[in-house]
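Asker: Let me give you the structure first, and then I'll get to my questions.
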Amino acid sequence: YERFQSEGDFTYLDDMGTTHNPSDDRIETRENNDFASNSLFLKMTFDPDERTRISASNVFFNKGQGIPGLGSRTSLTARLETWRDMVSVTAERDFASAPGLFGHADLFFDFLNSQFSDPQGNIGVGGPQDNDDNTYRGGLNGRLSYAWGSHQILRFFAAGRGEFYLPDNRTATPPGGPHSRRYTVAAGAEDEIKFFSERLVVVPSLRLTSLFNDLVNQLPQSPSVVLSTNRRSDYQLSAKLGLKARLVSELYFKGNFYRGFRNPSFSELFGNRGTIVGNPELRPEEALNFDAGLAYHYKGDELAADAEATYFRNDVRARIQYVQTSQFTVRPQNVGRALIQGAELSARLSFGTRFGAYASYTFEDARNTGGSPATEGKAIPGRPRHELASGANWKEVWLPWLSTRLFADLNFISGNYLDTQNLIRVNSRTLLAAGLTASFVDAVSVTFTVKNILNDRIEDVVGYPLPGRSYWGTIELRI
């Protein structure tokens, strides 16, 4: 069980809606930004015999929060309440009659309730709202894998799911509107082939997905008013080729070539009627991705080190991207065609159980290549060009029942744009955090953390103001 709660009343830099005029900027206190969330995870496992395992799990989540909006003008009354429950039953079987054959089946059901209240019409589109929207999702997945000797593993899978969206705005007459639904059926296969005593591993895979849409674009303040419909069916063939080769000692080459799709989620299609405005007319992303790089792994008696360097190139059609559409809202849109390429560098070092450190850097050049004169060559919104994450920690065992861990983390994210024409920009942000954890008899941990030590006045990648210097305390009990 976990509970998080905050008043969210931090101070932030308010530009008063005049980005290019810093003379009227002032420090304000964030209002209507409180939240409280609860989550509960339950799992039960049963083994009827030594080759079979059955497990059931339930994840419950609830969050109530104020919705102040994105920009300088804030709402003092808009609220969002979210309820979610996910249930799954899993069965796994190692077949004695067919050595090397392993089966896995998963049955799941997911319920999401979103209650958004905006009595003054400050946040949402089109006036006051009192929404009570429900989303249902359920399906069945099945997988089979077969170890063919020591050099090959064959995998097969099939899956089906249904998703249903039922909107309700209690300020409208009638309050409800047409339901939206989407059915997905998929099947695929993968072959993992090992050559030269596993010095070379090749993994080709193929996936066929069929989507059947019946989606309705409704007027937020009156769900019964239909703006447009999406009854398009999509048939998608995805393929991937993975390669891993051991060059010398612990130095490896890794590469992947992938052609596939990403279908919009229901949160992108329908939003939360609050800050995120849905877009039921979204089309699936189609991507042609390539990455290749080197990886080095070393493990000694005390010292362990890992380092990787990777180049990536993604050519994406109909990319789904959140774009700021007002001072209060963002909306996912297909941004045409995008070319995203760059490099990732990462390293991790540990010395025994006392010292550990990590660092990663990503350079990403994400450009719109859709051909539109207004956006051609422009940076993709919400995609920083440089990102750096690093940190270190030191652990000391003082007594058999007492240990401490001192840690620090540094994150840098360069500025990025919020709109497709690169007119609205979020500045770069540097976040430094440090803290101390004390553990007692491996059952109780107390952590104190200072975040954003530099008190940088920042916004996230969609323009939402973030806290300055803040102090966090956590108590964890393990039973």
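The values are calculated or read from the model by the stated rules, or taken from the named source; none is laboratory data. The structure presented is a predicted model; accordingly, all values stated were derived computationally and were not measured. Don't worry about glycine lacking a Cβ; one is built from the backbone with ideal geometry, like all the others, and counts go over all protein chains shown. Areas reflect the complete protein model, heavy atoms only, side chains present, ligands, DNA and RNA absent. Shrake-Rupley method; radii C 1.70, N 1.55, O 1.52, S 1.80 Å.
Asker: In nm², what is the average projected area of the convex hull enclosing the Cα atoms of the stretch 144-194?
Answerer: Working: hull surface 20.0 nm².
Result: a mean projected hull area of 5.0 nm².
Asker: Relative contact order (percent) for the stretch 167-304, with alpha-carbon contacts under 8 angstrom and 6 or more residues of separation? List each step's numbers first, then the result.
Answerer: On the way: 292 pairs, mean separation 26.5, N = 138.
RCO, the stretch 167-304: 19 percent.
Asker: Separate question: If you take the square roots of the eigenvalues of the alpha-carbon gyration tensor of the chain and sort them as a ≥ b ≥ c, do you get rounded (a/c under 1.5), prolate (a/b over b/c) or oblate?
Answerer: On the way: a/c = 1.40, a/b = 1.17, b/c = 1.20.
In terms of gyration-tensor shape, rounded.
Asker: Follow-up. Under a crude label model (7 Å from the Cα following the beta-carbon direction), how far is Arg26 from Ala158 in nanometres?
Answerer: The two pseudo-label positions are separated by 6.6 nm.
Asker: Putting +1 on Lys and Arg Cβ atoms and -1 on Asp and Glu Cβ atoms, find which of Phe108, Gly139, Ile153 reaches farthest to the positive end of the dipole of the stretch 1-153.
Answerer: Sorting the options by dipole projection puts first Ile153.
Asker: Another one. Keeping all protein chains in place, calculate the accessible area per residue for the stretch 427-479 (probe 1.4 angstrom), answer in Å². Please report the intermediate quantities before stating the final value.
Answerer: On the way: 3170 Å² over 53 residues.
Per residue, the stretch 427-479 has 60 Å² of solvent-accessible surface.
Asker: What does the net charge come to around Ala105 if you take all other residues with beta carbon closer than 10 Å to its beta carbon, with K and R at +1 and D and E at -1? Don't skip to the answer; put the middle values down first.
Answerer: Working: positive: Arg93, Arg143; negative: Glu92, Asp106.
Once all neighbours under 10 Å are counted, the net charge is 0.
Asker: Tell me which trypsin sites (Lys or Arg not before Pro) from the stretch 397-479 have a DSSP coil assignment and no more than 13 other beta carbons within 10 Å of their own.
Answerer: Values: sites: Arg405, Arg425, Arg429, Lys451, Arg457, Arg469, Arg478; in loops: Arg457, Arg469, Arg478.
Answer in residue order: Arg478.
Asker: Sticking with this structure for a sec: Rg and Dmax of the stretch 35-141 over Cα atoms: what are they, in angstrom?
Answerer: In order Rg, Dmax, the Cα atoms of the stretch 35-141 give 21.2, 68 Å.
Asker: When ligands, DNA and RNA are left out and all protein chains stay put, how many square angstrom of accessible area per residue does the stretch 1-160 have with a 1.4 Å probe? Show your work: numbers first, answer last.
Answerer: On the way: 9050 Å² over 160 residues.
Using a 1.4 Å probe on heavy atoms only, each residue of the stretch 1-160 averages 57 Å².
Asker: With a Förster radius of 22 Å, plug the Cβ-Cβ distance of Val446 and Phe35 into 1/(1 + (r/R0)^6) and report the FRET value to the nearest 0.05.
Answerer: On the way: r = 23 Å, r/R0 = 1.04.
According to the calculation, E is roughly 0.45.
Asker: Can you give the calculated 222 nm mean residue ellipticity of the chain, where each DSSP H run of n ≥ 4 adds -39,500 (n - 2.57) and the sum is split over every residue, rounded to the nearest 500 deg cm²/dmol?
Answerer: 0 deg cm²/dmol
Asker: Please count, across the chain, the pairs of lysine residues with Cα atoms under 23 Å apart that sit 8 or more places apart or on different chains.
Answerer: Count of close lysine pairs: 11.
Asker: With a 1.4 Å probe and all protein chains left in place, how much of the accessible area of the chain comes from carbon and sulfur atoms, in whole percent?
Answerer: On the way: 15190 of 25860 Å².
Answer for the chain: carbon and sulfur cover 59 percent of the accessible area.
Asker: Let me ask another. Separation between the Leu399 and Ser57 pseudo-spin-labels, each 7 Å from Cα along Cα→Cβ, expressed in nm?
Answerer: Once both label points are built, they end up 3.7 nm from each other.
Asker: If we count every other residue with Cβ under 12 angstrom of Ala309's Cβ, Lys/Arg +1 and Asp/Glu -1, where does the sum land? Can you show the working numbers first?
Answerer: Working: positive: Lys254; negative: Asp291, Asp306, Glu308, Glu344.
Net local charge, Ala309 excluded: -3.
Asker: I'd like the FRET efficiency for Phe290 and Ser428, computed as 1/(1 + (r/R0)^6) with the beta carbon distance as r and R0 of 35 Å, rounded to 0.05.
Answerer: Numbers: r = 29 Å, r/R0 = 0.82.
After rounding to 0.05, the efficiency reads 0.75.
Asker: Let me ask you something else. Compute the distribution of all C-alpha to C-alpha distances in the stretch 310-466, in bins of 5 Å from 0, and list the percent of pairs in each, rounded to whole numbers.
Answerer: 2, 8, 14, 15, 14, 13, 10, 8, 7, 5, 3, 1, 0, 0
Asker: Then there is this: How far is it, in nm, from the label point at Ala189 to the one at Asp214 when both lie 7 Å from their Cα along the line to the Cβ?
Answerer: About 3.3 nm separates the two model spin labels.
Asker: Keeping every protein chain in place, order Ile453, Ile475 by accessible area at 1.4 Å, biggest value first, i.e. largest first.
Answerer: Numbers: Ile453 55, Ile475 130 Å².
From most accessible down to least: Ile475, Ile453.
Asker: Under 8 Å for C-alpha pairs, at least 6 residues apart: give me the relative contact order for the stretch 130-209, rounded to a whole percent. Numbers along the way, then the final one.
Answerer: On the way: 165 pairs, mean separation 22.3, N = 80.
Relative contact order, the stretch 130-209: 28 percent.
Asker: I want the local charge near Ala36. Using Cβ-Cβ distances under 9 Å, sum +1 for each Lys or Arg and -1 for each Asp or Glu among the other residues.
Answerer: Details: positive: Arg3, Lys63; negative: Asp34.
Every neighbour counted, the sum reads +1.
Asker: How many angstrom separate the Cα center of the stretch 163-201 from the Cα center of the stretch 274-321?
Answerer: 20 Å
Asker: Applying a 10 Å radius around every beta-carbon, put 134-144, 289-299 in order of their mean neighbour count, most first.
Answerer: Values: 134-144: 16.6, 289-299: 15.0.
Taking the mean over residues of other Cβ atoms within 10 Å, the ranking is 134-144, 289-299.
Asker: Pairs of Cα atoms under 8 Å, at least six residues apart: use those to get the relative contact order of the chain, whole percent. It would help to have the intermediate numbers written out before the result.
Answerer: Values: 1393 pairs, mean separation 36.4, N = 479.
Relative contact order comes out at 8 percent.
Asker: Counting other C-beta atoms within 10 Å, and keeping those with at most 16, which DSSP coil GluC sites (Glu not before Pro) do you find in the stretch 241-283? Don't skip to the end; give the middle numbers.
Answerer: Values: sites: Glu250, Glu268, Glu281; in loops: Glu250, Glu281.
Here the sparse-neighbourhood loop sites are Glu250, Glu281.
Asker: Taking 0.36 nm per residue of sequence separation and subtracting the Cα-Cα distance, how much length would be gained by fully extending the chain between Ala309 and Leu200, in nm to one decimal?
Answerer: Details: separation 109, 0.36 × 109 = 39.24 nm, distance 1.91 nm.
Full extension of this stretch gives 37.3 nm more.
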